[in-house]
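The values are calculated or read from the model by the stated rules, or taken from the named source; none is laboratory data. Bear in mind that the values here come from a model prediction, so they are computed numbers and not experimental data. We place every Cβ from the backbone using ideal geometry, glycine too, and count neighbours over all the protein chains shown. Just so you know, the surface numbers come from the protein's heavy atoms only, side chains and all, with ligands and any DNA or RNA stripped out. Shrake-Rupley method; radii C 1.70, N 1.55, O 1.52, S 1.80 Å.
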Amino acid sequence: MKRILSLAAMFAVLSYASTASAELKFGGEAAVRLRDDFSRKTATTGVLTKIDDQYFQYRVRLKPSADLGYGYFFKALIQNEEVAGSWQTLKDNNTEKFNLEVSQFYFGHNSEKSHWALGRLPLGTFDNPILDLTLYAIPGNGPQGSKLYPVDTPIATNHFDRLLGFNYGIKLGDGELNAVLVNFDNTSPTTADKGLFNDGYGLTAIYKTTVGDVTIAPQAYVTLTHLADDRSPYSFGAQAFIPAGKSKVTLSGFYTADNNTYRGSSFDYSGYIFRLKGESGPVLAWIDYNKTENNSGNIDYTNTFVWAQYKVNVHESATGTFSLTPTIRYRASGSETHAGATTKDNLFRTELYATVTF
């Protein structure tokens, strides 16, 4: 609590420091959610793990920003990064701590025909699964371990939807081209000849244009060096945003692959993910299907995921909102070795969010 008060006091002082200083705007959100988990795991051997659990969680996210004039800006997101999604679970007698940290920060410039930004950039992966597939095509081989799958938004939740990088966008033809150079890690080999650029670098580019009423966005990602787990995957695909009256349908499809040997690690796999998403007023729902063939590990993976929610606006004004959002999430995951052994890992969740924005 002292840390939260100190941050609030600091931003208040900065915002009134001088008439010559940029005006610092301060917004954010606070939320509490009730979650029920129903987990089922089975295998060819018949072993069954059954876990049911109910728990409360909460999070606070602060969003300072500043207009520096002449198109220059600064934005940040402050939240707890010690728990997935910044959602803190209650502990015995409320003894848990909720520490606020700088999760995102970036500054840049906007003009009529182009823009750029530098810092810990937001990735927008809640609406775009290309990096989910790229990093977690093989469950267990991603940066955060075996509990994560390419479905259920692992980058937005477990990686906090940000990476250090540089973004440049420019209007091109009838659309806009955006490219982002990112630094995933600083874990180059420790040998004397490791070189200057052996850390984890990647580049992604997306071009958005319209054909009639439909917005089309082809996108590609390439690993320029190697990631911390020695992989160097590439991915490509596209999204289509289709208006339907007051509703919108989004189609997403991406493919990823890696076939290389590095520092003794050998990879030979390919996979894809498809998403059908619909939005209509307070309703948001989507379904993902993913399949990955891992030839180097002699095992194939399939994942299906459903997210559905209904947002009830209880209060809305110029200064903030209060809403309730019941949500269901279902993941059905399976794997099969080339010898025929199978496993299943299914998780069903019900959630109720109570959220204020300010």
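Here are some notes:
- Selection status of THR204, touching a residue at least 60 places away in the same chain (Cβ under 8 Å), open to solvent by 20 Å² or more (accessible area, probe 1.4 Å) and closer than 23 Å to TYR272 by Cβ: yes
- The range 240-263, residues that are closer than 29 Å to ASP199 by Cβ and either assigned to a strand (DSSP E or B) or open to solvent by less than 80 Å² (accessible area, probe 1.4 Å) (or both): PHE254, TYR255, THR256, ALA257, ASP258, ASN259, ASN260, THR261, TYR262
- Among (1) closer than 24 Å to THR327 by Cβ; (2) out of contact with any strand residue (DSSP E or B) (no Cβ under 8 Å at 6 or more places or on another chain), the one test that ILE273 misses: (2)
- Of the residues screened, LEU100 is not one that is open to solvent by less than 60 Å² (accessible area, probe 1.4 Å), touching a Phe, Trp or Tyr at 6+ places or on another chain (Cβ under 8 Å), modelled with pLDDT of 95 or more and closer than 30 Å to THR350 by Cβ.
- If you check THR225, THR210 for being assigned to a loop (DSSP other than H, G, I, E, B), at negative phi and either out of contact with any Pro (no Cβ under 9 Å at 6 or more places or on another chain) or surrounded by 18 or more Cβ atoms within 10 Å (Cβ to Cβ) (or both), only one passes: THR225.
- Residues being open to solvent by 40 Å² or more (accessible area, probe 1.4 Å) and either on the phi > 0 side of the Ramachandran plot or at pLDDT below 95 (or both) - total across the range 56-81: 1
- Residue that is nearest to the chain's Cα centre (by Cα) [pool: residues in the range 310-326 that are within 19 Å of SER280 (Cα to Cα) and open to solvent by less than 40 Å² (accessible area, probe 1.4 Å)]: THR325
- The set of residues from the range 327-356 being open to solvent by 50 Å² or more (accessible area, probe 1.4 Å), over 18 Å from THR153 (Cα atoms) and not hydrophobic (A, V, I, L, M, F, W, C) comprises GLU336, HIS338, THR342, THR343, LYS344.
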